[in-house]
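The values are calculated or read from the model by the stated rules, or taken from the named source; none is laboratory data. Keep in mind that this is a model prediction, so the values were computed, not measured. FYI the Cβ positions are ideal-geometry reconstructions off the backbone, even for glycines, and counts take in every protein chain you see.
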Amino acid sequence: MRHWLSSLFLALSLSGTLSGGLVENVAPERGRLAAPVSWIDENGRTHRLSEFGGYPTILLPVYTRCRTACLTNLGQLKAALADSSADPTQFRVLLFSFDHTDTPAVLASYRASQSVPLNWSVGTASADDIAALLESIGFQYGEAGKEFLHPNLLIFLDGKLRIAKWIYGNAYSGRDIDAALKVARGGNDWIGRHSDLLYALLLFALSVGCVVLVYYLLQLNLLRRASQTPAGHHAGL
């Protein structure tokens with residue numbers, strides 16, 4: 001399912017409305033290491049992504065000018081974490097702006113205006129580091145005038161900064177956050193690891209079901225016709 005969604009976004013992004021800024025990868029890859037980039041916070045301090053090592057990290061790509069999807073994504077993450085049972089001291093959250101023109105002052109204003117929790121990090125990076133990080137997590141975006149087109153994607157990194165789980169869209173709950181953080185801490189994710197196989201089996205089962213249904217309807221139609229045929233017709237009268 002995730003490949004279908006990412007392929008759909010790729011088709012839209014290549015429709016000719018975008019210019020520049022496209023990264024090559026189109027889907028997250030479980031176990032892939034997030035690029036070890038440097039980033040700058042709202043106070044102008046430079047950090048390394050490796051500072052989050054040892055903890056599960058929730059990474060939400062946004063850009064501060066966005067007044068639609070990004071705000072919805074941010075609001076949903078705040079609501080889901082408020083409903084989560086996870087200990088906030090046992091994981092990290094990074095709102096990462098993929099707009100390299102966002103200055104520390106802009107990031108500070110964004111934190112204040114959107115009431116970003118104090119224990120969350122807000123940052124951005126150079127254009128090269130932004131491209132490297134987003135490519136490594138399978139986040140594709142494109143420039144459309146002064147705005148960006150992008151997927152709604154929430155990434156969960158494990159303590160070694162490898163992709164452990166991801167959620168497309170914003171229809172998730174505190175339970176989904178808890179489950180994803182559990183996977184990021186090393187918990188089992190059998191369904192996630194075998195989602196492609198399960199999806200293929202589901203499609204196969206639906207296909208078989210359709211064939212059986214068509215066969216049943218055909219047989220039912222033949223029986224109905226036979227019951228409506230006069231007996232004398234079969235006897236040659």
Residue check: is L134 under 18 Å from I40 (Cα atoms), of a type outside the set (S, T, Y), touching a residue at least 24 places away in the same chain (Cβ under 8 Å) and crowded, with 18+ Cβ neighbours inside 10 Å?
yes
For segment 64-86, pairs from a residue that is assigned by TED's automatic domain parsing to the domain that holds I155 and over 18 Å from L118 (Cβ atoms) to a residue that is surrounded by fewer than 19 Cβ atoms within 10 Å (Cβ to Cβ) and at pLDDT below 95, with Cβ under 6 Å and 6 or more apart or across chains, are T72/N170; N73/N170; Q76/N170
Expected output for segment 153-178 (first residue free of Cβ contacts under 8 Å to residues at least 24 places away in the same chain, partner buried (at least 17 other Cβ atoms within 10 Å of the Cβ) and aliphatic (A, V, I, L, M), Cβ below 7 Å, 6+ apart or cross-chain) is I167/L154; I167/A180
Which condition does Y172 not pass, out of (1) modelled with pLDDT of 95 or more; (2) surrounded by fewer than 17 Cβ atoms within 10 Å (Cβ to Cβ), if it passes all the others?
(2)
For H47, work out the one condition from (1) touching a Gly at 6+ places or on another chain (Cβ under 9 Å); (2) free of Cβ contacts under 8 Å to residues at least 40 places away in the same chain it doesn't fulfil.
(2)
Answer yes or no: is there a residue in segment 71-90 that is over 23 Å from I163 (Cβ atoms) and in contact with a strand residue (DSSP E or B) (Cβ under 9 Å, 6 or more places away or on another chain).
yes
Could you count how many residues in segment 56-77 are surrounded by fewer than 17 Cβ atoms within 10 Å (Cβ to Cβ) and in contact with a Phe, Trp or Tyr (Cβ under 9 Å, 6 or more places away or on another chain)?
1
